[in-house]
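Worksheet for the structure shown next.
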Amino acid sequence: MRDHSGKKEGHVGLYNPGCICYMNSMLQQFFMVPTYRYSVLQSDDGEKPNINNASNVDDNVFHQLQRMFSYLELSDREDYLPTGFCFAFKDWDGNPTNISIQQDAQEFLARFFDKIETSLKETPNKYLLQSVFGGKTCSPLFCADGCGTAKNRYEDFY
């Protein structure tokens, strides 16, 4: 039985209803970056809630992220049950996250960034992920025939 009596250590946690520790650990880390958290909370993706489903849940992953962050920020309860986020966070085949299957955190991260970028691409915050979590790598390229010519190749990364 879950204890809902109140916050421990001043923070609200994410409840794990199955095998989503990979997801919860990443989401908690994102929440703990104030610049990212407040930008997500202040953003408007321009979409209306999408509640045309049997579960009666907003099927917009960005809205569910905002809901989760709002709860984690403002609630006095001990934890937040992320079932709405899991419902909205679809796999490659369009199915809700299966909470009984452990998945890879790096794969979740790549899909999460893709979904958030897509949600924000038509908004003033379209560069949010790049500005908070992005960087560039520089790879020097040298002439193979020994002519001494060198160039730098820059690539974006998260």
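For D91, what charge total do you get from the other residues with a beta carbon under 13 Å from its beta carbon, if Lys and Arg give +1 and Asp and Glu give -1?
Here the count lands on -1.
Want the number for A110 to C143: 0.36 nm per residue separation, take away the alpha-carbon distance, what's left?
So the chain would gain 8.5 nm between A110 and C143.
In what sequence, highest mean first, do 18-25, 136-143, 32-39 appear when ranked by Cβ atoms within 10 angstrom?
Ranked from most to least packed, the peptides come out as 18-25, 32-39, 136-143.
Before anything else, pin down the relative contact order of the chain: Cα pairs under 8 Å, at least 6 apart, normalised by residue count, whole percent.
For the chain, the relative contact order is 26 percent.
Given springs between every Cα pair under 10 Å in a Gaussian network model of the chain, which of K48, K121, K90 has the largest fluctuation?
K48
Taking the highest mean first, how do the peptides 77-86, 51-60, 111-120, 146-155 order by number of other beta carbon atoms within 10 angstrom per residue?
The peptides rank, most packed first, as 77-86, 111-120, 51-60, 146-155.
For the range 94-99, just list the computed ³J(HN,Hα) in residue order, Karplus coefficients 6.51, -1.76 and 1.60, θ = phi - 60°, integers in Hz, with x standing in for Gly and Pro.
Using θ = phi - 60°, the values come out as x, 9, x, 4, 7, 6 Hz.
Which are the unpartnered cysteines of the chain, meaning those with no other cysteine Cβ under 4.7 Å from their Cβ?
Result for the chain is C19, C21, C86, C138, no neighbouring Cys Cβ within the cutoff.
Could you tally the net charge around Q66, taking each other residue with its Cβ under 12 Å from the Cβ of Q66, Lys/Arg +1 and Asp/Glu -1?
-3
Hey, what number do you get for the chain at 222 nm if only DSSP H runs of n ≥ 4 count, each worth -39500 (n - 2.57), divided across all residues, to the nearest 500?
-11500 deg cm²/dmol, from helical runs alone.
About its Cα centre, how strong a charge dipole does the chain have in debye, to the nearest 20, once Lys and Arg get +1 and Asp and Glu get -1 at the Cβ?
Dipole size: approximately 260 debye.
Given Cα positions, please report Rg to Rh for the chain, the hydrodynamic radius being the Kirkwood one.
Expressed as Rg/Rh, it is 1.09.
All of the numbers you see were taken from the coordinates with simple rules; none came from a lab. Quick caveat: nothing in here was measured; it's all calculated off a predicted structure. Positions of Cβ are backbone-derived with ideal geometry, glycine not excepted, and every protein chain shown enters the neighbour counts.
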